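Working notes, beginning with the structure itself.
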């Protein structure tokens, strides 16, 4: 069995915490919060990349049309999420405790798009598991 569900949990949790700490650091202006946001962003982006790779391995090849369409949507949204957060990671790579002052609004827009696609991707992952039973073992 492919560990996609386990890896995805790390990506969702770490990237969500990263966005939360960045928002909190914007209000409180505490550098340590930016450091936590930076680390969770970096590790969360790696987990997102592993999620995409493990998702390709976990996808059933013999899915019916409606399930296959949902799998493709879930996959494409996952890739979009990875691209957004990888760009954010590259943007912040040089300064672990800092935040991009130049083009700050563009960075927040990219973060918002990434967080939005993260939530929608997780929603469709839930649809695949709980509605279509993708990835579940048959009862014995």
The range 1-29-the range 44-74 distance, computed between alpha-carbon centres (Å): 20
Nearest-0.05 FRET efficiency for residue 140 and residue 31, computed from C-beta distance (R0 41 Å): 0.15
Kirkwood-type radius of the chain, with distances r between different C-alpha atoms, in Å: 15.8
Sites residue 119 and residue 65, calculated FRET efficiency, Cβ-Cβ separation with R0 35 Å, nearest 0.05: 0.85
Mean separation of Cα contacts under 8 Å (6+ apart) over length of the range 4-130, as relative contact order %: 30
Among 67-73, 98-104, the order from most to least packed when residues are scored by Cβ within 10 Å on average: 67-73, 98-104
Hypothetical label at residue 23: residues of the range 74-115 whose amide nitrogen lies under 16 Å (7 Å Cα-Cβ projection): 108-115
Paramagnetic label zone (point 7 Å from Cα along Cα-to-C-beta, residue 104; backbone N under 11 Å) in the range 9-26: 26
Among 62, 95, 105, residue whose mean-square fluctuation peaks in a GNM of the chain (springs only between Cα atoms under 10 Å): 62
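Computed from the coordinates by the stated procedures, all read-outs in this text should not be read as laboratory data. Since the structure is predicted, the reported quantities are computational estimates derived from the model, not experimental observations. All Cβ positions, even for glycine, are placed from backbone atoms using ideal geometry, and neighbour counts span all protein chains on display.
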